[in-house]
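The values are calculated or read from the model by the stated rules, or taken from the named source; none is laboratory data. Nothing here was measured: the structure is a model prediction, and the numbers come from that model. Here Cβ is always computed from backbone atoms with ideal geometry, including for glycine, and neighbour counts include all displayed protein chains.
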Amino acid sequence: MATKKIYLFCEAGMSTSIMVNKMMEVVTKHQMPLEIHAFPAIHAEEKVEQEKPVAILLGPQVRHLSDKMKKTFEPLGIPVGTIATEAYGMMDGERAMKDVLKMIKESRK
């Protein structure tokens, strides 16, 4: 099975890179065919043009971009969501993965 990508966008990519590591621990533990990458939100369109992800997550610090991101990427079949503030604050990779997998599943209905 081909590896699919999930992109996390934030202000600068620093704290979100920690969340990526926590989420990748879950991916590895459950042997999911996923890669997770963090980028500054300013590069969102460029990164998606290079390679389309199966989902986009926004860090709480850029949640104000949610409507714009949804209008841009959901018509391309890419669901967009925001990482729950509690999950982000606790760097809870398990919760973030459950949320994004649920979002992907619901987008395919």
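Only one entry of THR3, THR82, THR16 meets the criterion of being buried (at least 17 other Cβ atoms within 10 Å of the Cβ) and modelled with pLDDT under 95, and that entry is THR16. Among the residues of the range 88-109, those that are part of a helix (DSSP H, G or I) and either on the phi > 0 side of the Ramachandran plot or in contact with a helix residue (DSSP H, G or I) (Cβ under 6 Å, 6 or more places away or on another chain) (or both) comprise TYR88, GLY93, GLU94, ARG95, ALA96, MET97.
Condition (residue is within 20 Å of ALA12 (Cβ to Cβ), at pLDDT 95 or above and in contact with a strand residue (DSSP E or B) (Cβ under 7 Å, 6 or more places away or on another chain)) applied to the range 97-108: is it met by at least one residue? So far as the range 97-108 goes, no, none of its residues is within 20 Å of ALA12 (Cβ to Cβ), at pLDDT 95 or above and in contact with a strand residue (DSSP E or B) (Cβ under 7 Å, 6 or more places away or on another chain). Restricting the first member to the range 83-108 and to residues that are farther than 14 Å from LYS22 by Cα, and the second to residues that are acidic (Asp, Glu), the beta-carbon pairs closer than 7 Å and six or more apart or on different chains are ALA84/ASP99.
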